[in-house]
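K.L.:
The structure is given below, and queries will be raised subsequently.
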Amino acid sequence: MDKLIQGLRHFRQNVLWERKELFERSTRGQRPLALLITCSDSRVLPDTLMQADPGDLFVSRNAGNIVPPPDTPGGEGATVEYAVTALGVTDIIVGGHYRCGAVKALLDPADAKDMPKVAEWLAHAGDVRAAVERALPGAAGEELWDRAVERNVLVQLDSLSKHPVVAAGLAAGTLRLHAWVLRFESSEVLAYDPCTATFSPLLEMAVVHPALPAHGPNHAEPSPAPQPTDPPPDAGPARPGWAAVLRHDLPASLVVFLVALPLCLAIAKAAGMPPEAGIITGIVGGVLVGLIAGSPLQVSGPAAGLVVILLDVVQKYGPERLGVVVLLAGLIQVAAGVLRLGQWFRAVSPAVVLGMLAGIGVVLFAQQFHVLVDDPPTKSPVANLLAVPAAVGGVFYDHGHPGHTPAALVGLLALAALLLWPLAARGRLRAVPAALAAVVLATAATAAFGLPIQRVTFEGLASGVRPPAPSGFLGMVSDGAVWLTAATVALVASAETLLCAAAVDQMHRGPRTRYDRELTAQGVGNAICGTLGALPMTGVIVRSSANVRAGARTRWSAVFHGVWLLGFVLLAPGLLRLIPTAALAAILVLTGIRLVEAHAVRALWRESRAEGAICAVTALTVVGVDLLAGVMLGIGLTVVKLIHTFSRLRI
């Protein structure tokens with residue numbers, strides 16, 4: 001003990017003053033970067049190995065870094081739940097080490113014969129030895145021991161993935177799991193690479209893939225989830241040479257532009273705003289936010305995840321109030337970024353995220369299905385949903401609206417293109433986004449047959465600039481309901497943006513996201529969009545993943561895509577007026593269907609009835625009341641569940 005006490009004295013007298021500010025800051029709370037589940041072995045020093053500051057790492061230690069099944073009594077499950085739900089960690093590491101005594105006892109149970117509690121505890125990893133012997137029948141001695149250590153980490157990772165809060169986080173795209181092993185003699189950490197199914201030196205990996213990746217944080221647009229299996233060589237330095245920019249970022253920006261154009265139009269239409277509003281947001285998100293963003297390869301623009309609340313504001317109060325809401329939401333984001341609260345916006349419960357997205361998906365589908373057949377939707381999502389069968393029947397009998405059946409056929413053509421284009425396109429045609437292909441085919445068919453259906457009304461970019469009138473601005477700013485709606489927009493937009501940024505970081509080798517800077521940049525962009533009377537923006541995974549896959553290296557790709565949007569609407573606005581609204585509605589109908597991640601909801605329900613119920617209540621409230629009520633109720637139920645869980649915890 002004397003050595004430990006002397007060490008404490010040395011720390012207080014000689015070390016503390018150098019890190020005094022860090023320790024004082026820790027009194028304000030903790031926002032750890034990751035949860036580490038590791039062995040109790042005294043030789044494992046995670047804070048030293050990772051040079052972690054106070055508050056960086058949330059650590060759970062036990063013999064053998066074991067994660068018992070979810071229904072096992074004890075504090076391990078509570079620690080995991082608290083880290084994910086209350087602290088908002090987005091990464092969990094199961095860290096083992098070679099020469100582990102607990103794993104040796106798994107291989108030779110006689111080592112624990114005089115320690116019944118140890119033997120009982122190690123039973124949670126009882127299948128490790130059998131698994132290693134099946135995989136390596138000839139292994140023995142230290143070779144068998146080393147492979148058993150690695151196998152044990154993977155077994156515990158699998159057990160961890162079955163915990164309700166972890167399963168929900170993986171399904172919602174808010175959580176990643178990692179498997180690490182420490183080698184004492186060199187202090188080298190080996191990480192499991194799922195691409196090669198081996199443990200490799202962590203610091204030598206060009207791309208660190210999570211052992212169990214998230215499914216993706218943003219499914220608000222119709223595209224397959226991005227796969228980080230073919231990243232670009234590098235994201236480039238902060239100040240690249242222009243030759244490299246022209247070689248890599250300029251072509252990538254054209255791809256992103258082709259993805260963004262139809263989506264800007266479709267989302268503006270769905271939100272009850274003129275198409276110019278969506279284009280303006282895309283331009284601001286590219287040119288301005290692209291220049292100052294904290295995530296260099298993320299692309300910002302209007303997103304389907306906010307359509308529900310935007311449409312509600314427009315229908316109740318008109319576009320002018322929406323501009324004030326977006327302006328205030330942007331100011332809230334700027335304040336949050338300046339106060340370094342970026343990580344807090346990523347701490348929304350996975351059950352609430354799934355429920356929110358499912359509710360948005362149902363509302364979006366119900367509304368846009370009627371637009372697809374050129375029928376006006378009602379203001380009630382429930383009424384729209386109940387009227388879908390009648391809209392389908394109207395295709396086969398006299399509907400009283402001559403454009404109903406042709407619009408339905410054009411919409412079906414667009415849906416077929418969205419689903420089949422990624423499978424059927426060959427060669428260079430693969431570079432054409434499915435959404436653009438759907439719009440082009442639908443527009444060509446409409447023009448060729450002269451179909452009497454609705455088309456996009458585009459008056460010009462200047463007509464979309466509708467700043468809030470000064471006379472009514474102060475009255476709206478003093479309205480508490482306006483601030484509440486703005487806070488909801490800020491919360492949802494920030495969560496989508498930062499989760500998207502985390503996913504994009506997994507796809508390239510360049511600079512990591514600076515979350516507070518990204519949040520501030522989004523706030524600046526939204527404040528300007530609100531001032532112009534446009535839609536709010538978020539970071540969008542479909543545009544961002546297309547950007548990375550197209551070979552973008554720097555932020556200039558996002559900037560150029562905004563320039564292409566601006567140039568197109570200035571030089572060729574007539575082309576936009578040829579696009580049938582049924583084609584844009586088809587994009588959002590498919591988006592709505594994909595937002596309802598039935599497989600993820602089922603997995604959540606199987607793992608935890610309580611989490612599943614929170615998800616269901618959130619979704620039903622979003623559909624039956626509105627997005628604000630659904631999110632607030634879901635967060636409230638999550639807090640109640642957390643309080644109940646910790647009130648029953650026995651330590």
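K.L.:
Which value, in Å² rounded to 10, gives the accessible area of Leu258 with a 1.4 Å probe and all protein chains present?
P.N.:
My reading of the accessible area for Leu258 is about 60 Å².
K.L.:
Ok, one more. Can you tell me the 0 to 90 degree angle between the C-alpha axis of helix 404-424 and the longest principal axis of the chain, rounded to 10?
P.N.:
40 degrees
K.L.:
Expressed as an acute angle from 0 to 90° and rounded to the nearest 10, what is the orientation of the C-alpha long axis of helix 609-624 relative to the principal long axis of the chain?
P.N.:
10 degrees
K.L.:
Right, next: For Thr538, what residues show an amide H to amide H distance below 5 Å, using hydrogens built from the backbone and excluding near sequence neighbours?
P.N.:
Gly301, Ala303
K.L.:
Could you list the trypsin sites (Lys or Arg not before Pro) in region 426-491 that lie in coil according to DSSP, counting only those with at most 15 other Cβ atoms within 10 Å of their Cβ?
P.N.:
Those that pass, being in a loop and sparsely packed, are Arg426.
K.L.:
Along the charge dipole of the chain, pointing to its positive end and built from +1/-1 on Cβ of Lys, Arg, Asp and Glu, which listed residue (Ala598, Thr405, Ser349) has its Cα farthest out?
P.N.:
Of the listed residues, the answer is Thr405.
K.L.:
Of all the stretches in the chain, which is the longest one without any exposed loop site, taking GluC sites (Glu not before Pro) in a DSSP loop (any state but H, G, I, E, B) with at most 14 other Cβ atoms within 10 Å?
P.N.:
Counting at most 14 other Cβ atoms within 10 Å as exposed, the longest clean stretch of the chain is 186-458.
K.L.:
In whole Å, what are the extents of region 447-578 along the principal axes defined by its C-alpha atoms, from largest to smallest?
P.N.:
Between the extreme Cα coordinates on each principal axis of region 447-578 lie 48, 47, 23 Å.
K.L.:
Could you work out the helix-only [θ] at 222 nm for the chain, with each DSSP H run of four or more residues adding -39,500 (n - 2.57) and the total divided by the number of residues, to the nearest 500 deg cm²/dmol?
P.N.:
-17000 deg cm²/dmol
K.L.:
Output wanted: per-residue J couplings in Hz (rounded whole) for region 439-452, from phi through Karplus 6.51 cos²θ - 1.76 cosθ + 1.60, θ = phi - 60°, x for Gly and Pro.
P.N.:
Values per residue, Gly and Pro as x: 5, 5, 5, 5, 5, 5, 5, 4, 6, 5, 9, x, 5, x Hz.
K.L.:
Sorted from largest down, what three extents in whole angstroms do the Cα atoms of region 1-108 have along their principal axes?
P.N.:
46, 35, 22
K.L.:
For region 531-636, would you read off the P(r) tail past 18 Å as a percentage of all alpha carbon pairs?
P.N.:
Value for region 531-636: 72 percent of Cα pairs lie more than 18 Å apart.
K.L.:
Something else about it: Scan region 296-401 for chymotrypsin sites (Phe, Trp or Tyr not before Pro) in coil per DSSP, keeping those whose Cβ has at most 16 other Cβ atoms within 10 Å, and list them by number.
P.N.:
Passing both the DSSP loop test and the Cβ count: Phe396, Tyr397.
K.L.:
Another question, if that's okay. What are the lysines whose alpha-carbon lies under 22 Å from the alpha-carbon of Lys113, with same-chain residues fewer than 8 places away excluded?
P.N.:
Straight-distance partners of Lys113: Lys104.
K.L.:
Mind listing which chymotrypsin sites (Phe, Trp or Tyr not before Pro) in region 136-209 are in a DSSP loop and have 13 or fewer other Cβ atoms within 10 Å?
P.N.:
Phe184
K.L.:
Short version: ³J(HN,Hα) in whole Hz for each residue of region 188-199, in order, from phi by Karplus 6.51 cos²θ - 1.76 cosθ + 1.60 (θ = phi - 60°), x for Gly and Pro, what are they?
P.N.:
Couplings: 7, 9, 9, 10, 6, 9, x, 6, 10, 6, 9, 8 Hz.
K.L.:
Can I ask one more? What residue among Gly464, Leu364, Thr281 has its Cα farthest toward the positive end of the dipole of the chain, where the charges are +1 on Lys, Arg and -1 on Asp, Glu, each on the Cβ?
P.N.:
Gly464
K.L.:
Can you give the Rg to Rh ratio for region 124-213, taking only C-alpha atoms and Rh from Kirkwood?
P.N.:
1.00
K.L.:
Once you have the alpha carbon radius of gyration of the chain, what is it after dividing by 2.2 N^0.38 Å, with N set to its residue count?
P.N.:
1.04
K.L.:
Which of the lysines could be linked to Lys3 by a straight reach, that is with a Cα gap under 27 Å, when you skip same-chain ones fewer than 8 residues away?
P.N.:
Result set, ordered by chain and number: Lys20.
K.L.:
Then there is this: Per residue of region 172-185, what does 6.51 cos²θ - 1.76 cosθ + 1.60 with θ = phi - 60° give for ³J(HN,Hα)? Whole Hz please, x for Gly and Pro, Karplus curve as stated.
P.N.:
The phi angles translate into 7, x, 10, 9, 10, 10, 10, 10, 10, 9, 9, 9, 4, 5 Hz.
K.L.:
Related question: Over 29 Å between Cα atoms, which of Lys379/Lys641; Lys162/Lys641; Lys117/Lys162 qualify?
P.N.:
With Cα atoms farther than 29 Å apart: Lys379/Lys641.
The values are calculated or read from the model by the stated rules, or taken from the named source; none is laboratory data. Model, not experiment: these values are computed from the prediction. Because the Cβ atoms are built from the backbone with ideal geometry, glycine has one as well, and the counts that use them run over all protein chains shown. Side chains included, ligands, DNA and RNA excluded: accessible areas come from the protein's heavy atoms. Shrake-Rupley method; radii C 1.70, N 1.55, O 1.52, S 1.80 Å.
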